[in-house]
Structures are given as C-alpha cells and as structure tokens.
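Novice: This structure is in structure tokens; I'll ask about it shortly.
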C-alpha cells in the first residue's frame with residue numbers, strides 16, 4: 001500500500017507555511033476590532049459554508065479528482081429545496097432529503113464519468129456545472145424564491161458572553177470530524193489516499209480505485225448539497241446564480257490548506273484551516289481602511305503566495 | 001477562467017450555427033425573408049427577436065416573461081436569446097436572429113459600449129432596434145425603453161434624504177460587482193445628489209458583488225468598526241445586499257439604522273412591510289419588457305415612437321407598498 005511518503009516529515013518542511021500563516025495571524029491581531037470573541041466567532045460562522053464544501057473538495061482532490069461543479073450543485077440543491085418548500089408544500093425534512101439526494105446524484109454522475117468512462121475530471125465537472133446551472137434555472141422557472149426560513153434554525157446562534165456559537169459552526173465541526181475520521185481512520189480513506197497518490201499501484205495492490213473515486217465525487221456532491229441547505233439557512237433565498245464561484249473558493253481553501261491538486265496528499269482539517277485563513281484575510285481587509293478596491297487583488301495574492309510556498313516546501317521531497 | 005472557457009466553446013459552436021444559418025437563409029439576399037413571410041398565409045405573424053444579457057438573473061427572467069406575455073397578447077412571434085453574460089455571445093445572437101429574418105430587435109445590452117457593434121450590424125440590415133433597460137453608446141436605435149440605473153441611484157439618494165431628514169448623518173454604501181454598469185451608474189446617480197448635501201457623509205463604500213453572502217461579510221466588519229447609533233443609514237445597490245445587511249444590523253442592535261435597497265424584489269417588499277427595509281426603488285422588469293416589445297411591434301407596423309419610453313422608478317416605502325407589485 002503506498003501511503004504517501006513523507007507524511008511524518010520534520011517540522012522544517014512546514015516552516016514556510018507556519019511562518020506565512022503566522023504573518024497573516026499577526027496582521028489579524030494588529031487589525032483593530034478583529035480579535036474580539038464576537039468577531040472571531042462571526043468569521044468562523046461565515047466560513048462554515050465554504051468549509052463544508054472544502055471538506056468535500058479535499059476528499060475529491062485527495063482521491064486524485066477535481067470538482068468544479070460544487071457551486072452549481074449548491075445552487076441546484078438550494079433551488080430544489082426552495083421549490084419543494086414554496087411550491088410543493090414540503091416540510092423541511094423532505095426538502096432537505098430531496099436537496100441532498102440531488103447533490104449526491106450530481107456527484108455520482110460526475111464520478112461515473114471520471115472513474116468509469118475515464119473522462120477528464122476538469123472537463124466533466126465543468127460541463128456538469130453548465131448542465132446543473134441550466135437545470136437550476138428550469139427548476140426555478142427563472143424566479144428568485146425568497147423569504148424561505150424553514151432552515152433558519154440551522155443558523156441560529158447562541159450567545160455565550162461575547163462569543164457567538166451558531167448551528168453552522170456545529171455542522172462544520174461535525175462534518176470536519178466525520179471527514180477526518182473517514183479519511184484517516186478507515187480503510188476506505190487510506191485506500192483513497194493510495195488511489196490519489198498512484199492509482200495504478202493502488203489498483204495492482206487490489207484497491208478498487210474506480211469505486212473509490214466515484215464515491216469521492218458523491219461525497220463532494222453531498223457536501224455541496226449540504227452547502228445549499230446552509231445557504232438557505234443563512235440567506236433564505238435561492239436564485240439561478242446561487243453559489244456561483246463557490247467551487248473556486250473551496251478549491252482555494254484546499255490549496256491554501258496544503259491539499260495537493262495532484263492527489264494523494266493533504267488533509268480535511270488542512271482544507272478547513274485554509275478556508276478559515278482566507279475568510280480571516282477577507283474580514284481583515286473589510287475591517288481596515290484599505291479600500292475595497294484592493295480586496296479581490298489581495299485575495300488572489302494570498303492564494304498565489306500560499307501555493308508557491310507550499311510548492312517550494314515540497315521541492316525537497318523528491319530528492 | 002471557467003466562464004471564459006465556456007464562452008469560447010459556446011462562441012465556436014454558435015459561430016458554426018450562425019454561418020450555416022447565413023448560408024442557408026442568406027442565399028436569396030435580404031429580400032428573400034419578407035417574401036417568405038408573405039407566402040405563409042398572408043403574413044400571419046410579425047417575428048420579433050430579443051437578446052437579453054443573461055437568463056441567469058431573475059431580473060432578466062422577469063423581463064423575458066413580460067415580453068412573452070405581451071407577444072401572446074399582440075399575436076406576434078417572439079424569439080428570445082440568452083446572451084450568457086458575454087458581449088461576444090450577444091453579438092452572435094443578434095447576427096443569428098437577423099439571419100433568421102426578424103422584423104425588429106429588442107436588445108438589452110450587457111455592456112453599453114460593447115453593444116455598439118451589434119446595433120450597427122442591425123442598422124446595416126435595416127432592422128429596427130429597441131434598446132431595453134440599458135442605453136447603447138452608438139449606432140441607431142428607434143427608441144430606448146427603460147429606466148436608467150443613474151436615475152435609480154438618484155431615486156435612492158432622494159429616499160435617503162427623505163428618511164434621514166435635515167440633520168443627516170453617516171452613511172455606509174454597499175456596491176455591486178466592481179465595474180459593472182449598474183454599479184457604476186447607480187453610484188454616479190447617488191453621488192450626484194449627495195454631493196449637494198453637506199449633512200450626509202459616505203463614511204465607507206465596499207464592493208459586495210450584488211450578493212447576500214458578501215454583503216453579510218462586509219456588514220459584519222462594519223458592525224465591528226462602528227458603534228451602534230453612529231451610522232444613520234445603509235444604502236445598498238440592490239435588494240439582495242440590502243436585506244442581508246439589514247439582518248446583520250438588526251441582530252447587532254443597530255435598531256435605528258435606515259436601510260435602503262434597489263430593484264423591488266419580492267423579499268424587499270416583505271421587508272419594507274415589516275420595517276426591516278425603509279425603502280427600495282422598484283424597477284419593474286416585466287413591464288419594461290412588455291413596453292419594449294410593444295414599441296418594436298408598433299415600429300414594424302409603421303408607427304415608430306416619437307422618443308424614448310421611460311418607465312417610472314417609484315420609491316417603495318411602507319406608505320405605498322401595497323399599491324405596487326414586486327419586480328420578481
């Protein structure tokens with residue numbers, strides 16, 4: 001079994017990332033009003049939606065895939081739940097099940113094409129994005145459905161002193177634990193690492209790589225669907241654009257969190273860490289006098305620097 | 001990256017379709033089309049083409065519905081095309097509709113400058129063009145139908161002045177997608193009015209992409225930076241952002257803050273009723289679409305409009321919310 005090499009490396013290899021994260025954290029600390037319990041918990045609350053997607057994305061990436069359809073899947077799931085609630089008179093449970101079913105199905109279709117047809121993951125999930133966006137528009141009939149508060153309790157928050165503990169944070173916590181245990185402590189997870197690291201070697205060693213890869217896409221689809229429910233819980237509305245661009249946020253979170261786009265390396269918790277870090281940088285820009293015009297640029301720079309530092313740190317590995 | 005790729009694929013495929021269509025339909029020259037229409041049982045229906053910026057946004061979906069309803073009432077054939085938020089695709093759709101022999105074109109450009117070429121192409125074919133919702137900076141259109149975004153910005157400013165009164169105060173401003181035409185125009189209109197009012201100061205303006213999630217992130221930083229009661233009003237360039245910001249403000253105990261949106265969505269109407277929003281500016285998309293179609297049909301029948309058709313932009317507040325219906 002080819003477990004990724006260098007999994008227990010020296011701390012040295014992590015040093016650049018640690019320094020960089022430290023620098024960001026220092027900036028956060030120096031930003032007036034950031035390090036208050038209220039604001040930090042607010043950042044975690046906001047990050048939880050992307051965090052859930054990033055968990056799904058990291059599972060796919062570790063398995064050697066790539067999922068560009070998460071944002072669209074999020075939108076479709078939110079739309080299906082919204083139509084169920086508004087037009088069909090469903091209860092929240094039925095709507096949630098339907099939404100998760102849709103997301104899982106999109107993931108399975110992606111998985112079938114990537115794992116069995118052996119279509120390129122990038123192209124498959126890119127075309128799936130268009131298909132799913134088109135479906136979302138049809139499901140909604142071009143409308144925007146607003147005022148849907150059925151899932152509001154999921155985002156309800158409890159104030160503990162200045163801190164705000166919300167349902168979204170709890171859900172992210174549960175997803176993180178399930179994802180981490182699934183990837184680290186089960187045979188399934190270990191086989192997925194092996195598949196992503198070297199599919200051919202894994203297959204020769206008796207790992208059923210196709211099935212695993214399909215399952216990894218299904219997990220990502222489910223995560224996106226859960227994201228759709230969390231979206232409804234936070235914003236009470238769904239339209240044909242809901243979730244646009246979230247696939248890139250989740251991929252960025254994974255990259256920043258040290259999940260390899262080549263497969264086989266990284267961890268679910270890393271992805272969540274990356275997501276929190278990016279959210280913190282965004283919040284930092286909003287909190288300072290730095291004009292909003294620089295926000296997009298800064299985000300891009302942060303991701304690029306992280307990717308570069310990670311690549312430099314890994315360079316020694318191959319020698 | 002993603003959009004650009006899809007755009008290219010779509011462009012390539014569309015180009016082939018357009019070329020084939022031109023070869024097939026264009027062989028007999030432009031005169032072939034009226035003749036063909038005449039053959040089919042005494043020119044049964046006028047065919048109108050329409051190109052919208054995107055079907056993906058509910059505003060344009062409502063415009064489409066308005067046009068389709070009007071087309072049924074007038075008994076004309078209507079073909080509406082999706083510009084997929086891409087200037088080049090819009091041009092291609094216009095060319096495809098022209099080669100299909102439409103008698104007039106309703107055109108809602110994605111970008112006022114990039115749309116010039118499409119209008120010129122239609123001008124060469126002598127097909128009248130009605131500009132819907134956004135003006136075109138060139139070519140010849142028979143009329144402009146809609147209410148421009150600059151006017152919407154002015155309307156927001158007036159609603160703000162009315163809400164805060166002579167003592168004025170500090171205002172936070174939520175902007176849409178950086179550089180998009182509604183962002184630029186609504187801001188220009190808003191600033192134009194506010195500049196003459198020293199009692200109002202815009203203390204911060206942030207881009208939030210016209211999106212609820214980004215508005216929420218910005219607003220969470222704002223509640224950290226400013227004390228409750230310090231900010232007199234929040235103005236957002238659309239309702240989606242306004243509603244999201246208003247929720248955060250309410251949760252954080254900014255009970256006195258005035259929130260003003262724009263567009264007049266269903267959600268905003270409900271929020272105006274409940275008091276969460278002070279006001280919104282209604283842009284009735286379906287009505288605009290229907291009016292544009294009527295102008296196009298009238299032009300084809302030989303009664304071109306005498307000037308632009310400006311649709312009203314009423315400010316919706318608690319006093320008049322029940323007299324209007326939401327845009328989408």
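Novice: Fewest Cβ neighbours within 10 Å first, please rank A:102, A:185 accordingly.
Specialist: Details: A:102 26, A:185 10.
By the 10 Å Cβ count, ascending, the order reads A:185, A:102.
Novice: Write down Rg/Rh for chain A, rounded to two decimals, with Rg from the C-alpha atoms and Rh from the Kirkwood relation over Cα pairs.
Specialist: Details: Rg = 19.6 Å, Rh = 20.1 Å.
In chain A, Rg relative to Rh is 0.98.
Novice: In addition: If a paramagnetic tag sat 7 Å from the Cα of residue A:36 along the Cα-Cβ line, which residues of the stretch B:219-239 would have the backbone N under 11 Å from that point?
Specialist: Label zone hits: B:221-228.
Novice: Students often get this wrong: which residues of the stretch A:167-202 have the backbone nitrogen under 20 Å from the point 7 angstrom along Cα-to-C-beta of residue A:208?
Specialist: A:182-202
Novice: Let me ask something else about it. Just to verify a number: FRET efficiency for residue A:149 and residue B:116, C-beta to C-beta distance, R0 = 45 Å, to 0.05?
Specialist: Values: r = 45 Å, r/R0 = 1.01.
Calculated transfer efficiency: 0.50.
Novice: Then there's this: Given points 7 Å out from each Cα along the Cα-Cβ axis, report the residue A:248 to residue B:227 separation in nanometres with one decimal.
Specialist: That separation, rounded to one decimal, is 4.0 nm.
Novice: So, one more: Using Cα atoms only, what is the angle between the long axis of helix B:58-74 and the major principal axis of chain B, expressed in degrees (0 to 90) to the nearest 10?
Specialist: Roughly 40 degrees, rounded to the nearest 10.
Novice: Peptides A:40-47, B:291-298: what's the order by average Cβ count within 10 Å, highest mean first? Present the calculation step by step, with values, prior to reporting the outcome.
Specialist: Values: A:40-47: 21.9, B:291-298: 24.9.
Those peptides, ordered most packed to least, come out B:291-298, A:40-47.
Novice: Looking only at other chains, what is the average number of their beta-carbon atoms within 10 angstrom of each beta-carbon in B:257-270? Spell out each step's value before the answer.
Specialist: On the way: counts 0, 0, 0, 0, 0, 0, 1, 0, 5, 6, 8, 1, 2, 2.
That works out to 2 on average.
Novice: For the stretch B:188-230, just say rounded, prolate or oblate: build the C-alpha gyration tensor, square-root its eigenvalues into a ≥ b ≥ c, call rounded for a/c under 1.5, and beyond that prolate if a/b exceeds b/c, oblate if not. Don't skip to the answer; put the middle values down first.
Specialist: On the way: a/c = 3.78, a/b = 1.38, b/c = 2.74.
Oblate, because a/c is 1.5 or more while a/b does not exceed b/c.
Novice: Consider just the alpha-carbon atoms of the protein assembly as shown and return their Rg together with their Dmax, both in angstrom.
Specialist: Rg and Dmax of the protein assembly as shown, Cα atoms, are 26.4, 85 Å.
Novice: Follow-up question, since we're still on this one. Test of understanding: in a Gaussian network model of chain A with alpha carbons linked when under 10 Å, which of A:171, A:131, A:62 would top the mean-square fluctuation ranking?
Specialist: Fluctuation is largest for A:131.
Novice: Turning to a different aspect of this structure: Which of rounded, prolate, oblate describes the stretch B:149-282, given a ≥ b ≥ c as roots of the alpha-carbon gyration tensor eigenvalues and a/c under 1.5 marking rounded, otherwise prolate only if a/b is larger than b/c?
Specialist: Details: a/c = 1.25, a/b = 1.08, b/c = 1.16.
It comes out rounded by the Cα gyration axes.
Novice: Express as a percent, rounded to the nearest 5, the fraction of DSSP beta bridges in the protein assembly as shown (both residues included) that run antiparallel.
Specialist: Details: 8 of 43 bridges.
Expressed as a percentage, antiparallel bridges in the protein assembly as shown total about 20.
Novice: Once you have the alpha carbon radius of gyration of chain B, what is it after dividing by 2.2 N^0.38 Å, with N set to its residue count? Each step should come with its number before you reach the end.
Specialist: Values: Rg = 22.0 Å, N = 328, 2.2 N^0.38 = 19.9 Å.
It is 1.11.
Novice: Hey, can you rank A:65-73, A:200-208, B:262-270, B:182-190 by average C-beta count inside 10 Å, highest first?
Specialist: Numbers: A:65-73: 29.0, A:200-208: 14.0, B:262-270: 25.3, B:182-190: 21.6.
Result, highest mean Cβ count within 10 Å first: A:65-73, B:262-270, B:182-190, A:200-208.
Novice: Still on this model: At R0 = 60 Å, how high is the FRET efficiency between residue A:190 and residue B:255 if r is their beta carbon distance? Nearest 0.05 is fine. Walk me through the numbers on the way to the answer.
Specialist: Details: r = 54 Å, r/R0 = 0.91.
Using R0 = 60 Å, I get an efficiency of 0.65.
Novice: Using only the Cα atoms of the stretch A:55-194, build the gyration tensor, take square roots of its eigenvalues as a ≥ b ≥ c, and label the shape rounded, prolate or oblate: rounded if a/c is under 1.5, else prolate if a/b is larger than b/c, else oblate.
Specialist: Cα axes put the stretch A:55-194 in the oblate bin.
Novice: Using only alpha carbon pairs under 8 Å that are at least six residues apart, calculate the relative contact order of chain A and give it in whole percent. Could you put the intermediate results ahead of the total?
Specialist: On the way: 572 pairs, mean separation 109.3, N = 319.
With pairs under 8 Å counted, the relative contact order is 34 percent.
Novice: For chain B, what does -39500 (n - 2.57) per DSSP helix run (n ≥ 4), summed and divided by total residues, give at 222 nm, in deg cm²/dmol to the nearest 500?
Specialist: -15000 deg cm²/dmol
Novice: On average, how many beta carbons from a partner chain sit within 10 Å of the beta carbon of a residue in B:209-217? Provide the component values of the computation, followed by the final result.
Specialist: Values: counts 3, 1, 5, 8, 11, 4, 1, 5, 10.
For this peptide, the per-residue mean of nearby foreign Cβ atoms is 5.
Novice: Could you let me know the centre-to-centre spacing of the stretch B:252-308 and the stretch A:16-44, using Cα atoms, in angstrom?
Specialist: Rounded to whole Å, the Cα centres lie 42 Å apart.
Novice: Looking only at other chains, what is the average number of their beta-carbon atoms within 10 angstrom of each beta-carbon in A:241-249? If you can, show how the numbers build up before the last one.
Specialist: Details: counts 8, 3, 1, 5, 5, 1, 1, 2, 1.
Mean partner-chain Cβ count within 10 Å for A:241-249: 3.
Novice: Could I ask something else about it? Treat each spin label as a single point 7 Å out from the Cα along the C-beta direction, and report the residue A:94 to residue A:177 distance in nm.
Specialist: Between residue A:94 and residue A:177, the label points sit 3.2 nm apart.
Novice: When ranked by the protection proxy of mean other Cβ atoms within 10 Å per residue, highest first, what sequence do the peptides A:210-216, A:109-115 form?
Specialist: Working: A:210-216: 21.7, A:109-115: 24.0.
Most protected by this proxy first, the peptides run A:109-115, A:210-216.
Novice: Would you mind ranking A:296, A:288 so that the residue whose beta carbon has the fewest other beta carbons within 10 Å leads the list? Each step should come with its number before you reach the end.
Specialist: Working: A:296 13, A:288 17.
Final ranking by Cβ density, sparse to dense: A:296, A:288.
Novice: So, one more: Roughly how many whole Å is it from the C-alpha centroid of the stretch B:221-245 to that of the stretch A:77-152?
Specialist: Result: 32 Å between the Cα centres.
Novice: What FRET efficiency, computed as 1/(1 + (r/R0)^6) with R0 = 41 Å and r the Cβ-Cβ distance, is obtained for residue A:262 and residue A:138, rounded to the nearest 0.05? It would help to have the intermediate numbers written out before the result.
Specialist: Numbers: r = 37 Å, r/R0 = 0.89.
After rounding, the FRET efficiency stands at 0.65.
Novice: Which distance in nm do the two modelled labels at residue B:167 and residue B:325 give, with both placed 7 Å along the Cα-to-Cβ direction?
Specialist: For residue B:167 paired with residue B:325, the spin-label model returns 4.1 nm.
Novice: Can you divide the C-alpha Rg of the stretch A:174-319 by 2.2 N^0.38 Å and report the result to two decimal places? All intermediate terms of the calculation are to be shown ahead of the outcome.
Specialist: Working: Rg = 17.7 Å, N = 146, 2.2 N^0.38 = 14.6 Å.
Cα Rg divided by the expected 2.2 N^0.38 Å: 1.21.
Novice: So, in Å, what gap is there between the alpha-carbon centers of the stretch B:98-175 and the stretch A:218-269?
Specialist: 35 Å
Novice: Summing -39500 (n - 2.57) over the DSSP H runs of n ≥ 4 in chain A and dividing by its residue number, what mean residue ellipticity at 222 nm do you reach, to the nearest 500 deg cm²/dmol?
Specialist: Helices in chain A give a 222 nm mean residue ellipticity of -23000 deg cm²/dmol.
Coordinate-derived values only; no laboratory data. Just so it is clear, the structure is predicted and the values come from calculations on it, not from any experiment. Neighbour counts are summed over all protein chains in view; Cβ atoms, including those assigned to glycine, are modelled from backbone coordinates with ideal geometry.
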